[in-house]
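Chemist: Sharing a structure with you now.
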Amino acid sequence: MKKIGIISDTHSYWDDKYLHYFEPCDEIWHAGDIGSTEVADRLAEFRPLRAVCGNCDGIELRLMYPEILRWRCEDVDVLMTHVGGYPGNYDPRIRSRIYASPPQLFIAGHSHILKVKYDKTLGLLHINPGAAGMQGWHKERTIVRLTIEGNKFTDCEVITLGA
């Protein structure tokens with residue numbers, strides 16, 4: 001069983017609430033637009049970090065993190081990228097990969113729109129944790145926590161960090 005903290009679009013912004021809410025987590029997954037190596041380093045010092053670079057991330061973060069990451073967590077096939085779209089409207093950059101071999105969990109950021117949605121057509125759970133940073137048009141900053149046990153998802157929580 002693994003408790004996962006999912007975050008995106010920090011855009012160099014640090015909030016100590018990240019550590020508070022990710023305290024019970026085994027890993028942190030960042031879905032891009034990290035913004036600075038300092039944010040990535042602080043998260044990675046706290047818990048093991050898996051991350052992808054986003055469209056606003058500079059060369060240093062692009063060298064540290066890939067655009068697309070695929071791995072297994074417990075018995076779940078996970079695919080994470082920054083610009084991914086959502087069920088029914090996947091981004092062209094990732095669409096063919098998702099349809100050719102659907103993961104069980106697809107994580108993307110970019111839109112700053114919190115979304116947890118099941119794709120019935122492909123049998124996958126899509127999570128966009130919204131935006132945790134201050135940059136952007138979102139009204140509330142959000143992150144997500146999720147437990148993965150075997151091939152099951154439980155305890156999915158949306159956490160609001162404030163305006």
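Chemist: Looking at I94, I98, I159, I148, can you tell me which residue is surrounded by 16 or more Cβ atoms within 10 Å (Cβ to Cβ), in contact with a strand residue (DSSP E or B) (Cβ under 6 Å, 6 or more places away or on another chain) and under 16 Å from T10 (Cβ atoms)?
Modeler: Testing whether each residue is surrounded by 16 or more Cβ atoms within 10 Å (Cβ to Cβ), in contact with a strand residue (DSSP E or B) (Cβ under 6 Å, 6 or more places away or on another chain) and under 16 Å from T10 (Cβ atoms) leaves just I159.
Chemist: Which fully enclosed strands (runs of 3 or more DSSP E) of the range 124-163 have 2 or more residues being under 15 Å from the mean Cα position of the chain (by Cα) and of a type in the set (K, R)?
Modeler: Answer list for the range 124-163: 141-149.
Chemist: Of the residues L63, L43, which single one is open to solvent by 30 Å² or more (accessible area, probe 1.4 Å), at pLDDT 95 or above and not β-branched (V, I, T)?
Modeler: L63
Chemist: Looking at the range 1-30 only, could you name the residues that are open to solvent by less than 10 Å² (accessible area, probe 1.4 Å) and either among the charged types (D, E, K, R) or under 18 Å from T147 (Cβ atoms) (or both)?
Modeler: Once the filter is applied, which keeps residues that are open to solvent by less than 10 Å² (accessible area, probe 1.4 Å) and either among the charged types (D, E, K, R) or under 18 Å from T147 (Cβ atoms) (or both), the range 1-30 yields I4, G5, I6, I7, D9, F22, C25, I28, W29.
Chemist: Still on this structure, please answer the following. Six or more apart or on different chains, Cβ under 7 Å: which pairs go from a residue in the range 71-90 that's touching a residue at least 40 places away in the same chain (Cβ under 8 Å) and among the polar types (S, T, N, Q) to one that's open to solvent by 10 Å² or more (accessible area, probe 1.4 Å) and in a strand (DSSP E or B)? Could you list them?
Modeler: Close Cβ pairs (under 7 Å, with a partner that is open to solvent by 10 Å² or more (accessible area, probe 1.4 Å) and in a strand (DSSP E or B)) amount to T81/I68.
To keep it simple, each residue is scored yes or no on (1) within 25 Å of G162 (Cβ to Cβ); (2) within 12 Å of the chain's Cα centre (by Cα); (3) assigned to a strand (DSSP E or B); (4) of a type in the set (S, T, N, Q).
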position	(1), (2), (3), (4)
G35	yes, no, no, no
D41	yes, no, no, no
E45	yes, no, no, no
C56	yes, no, no, no
V83	no, yes, no, no
R95	no, no, no, no
I98	no, no, no, no
T121	no, no, no, yes
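Chemist: Where the second residue is among the aromatic types (F, W, Y) and the first is open to solvent by 80 Å² or more (accessible area, probe 1.4 Å) and lies in the range 109-126, which pairs have Cβ atoms under 9 Å and are six or more apart or on separate chains?
Modeler: Close Cβ pairs (under 9 Å, with a partner that is among the aromatic types (F, W, Y)) amount to K117/Y86.
Chemist: Here's a follow-up. I need every pair where a residue in the range 1-15 that is within 21 Å of V83 (Cβ to Cβ) and at pLDDT 95 or above has its Cβ under 9 Å from the Cβ of a residue that is crowded, with 24+ Cβ neighbours inside 10 Å and of a type in the set (D, E), sequence separation at least 6 or different chains.
Modeler: S8/D33; D9/D33; T10/D33; H11/D33
The values are calculated or read from the model by the stated rules, or taken from the named source; none is laboratory data. None of these values were measured; they are calculated from a predicted model. Glycine gets a Cβ as well: all are built from the backbone with ideal geometry, and neighbour counts include every protein chain shown. Side chains are part of the model used for accessible areas, which takes the heavy atoms of the whole protein and leaves out ligands, DNA and RNA. Shrake-Rupley method; radii C 1.70, N 1.55, O 1.52, S 1.80 Å.
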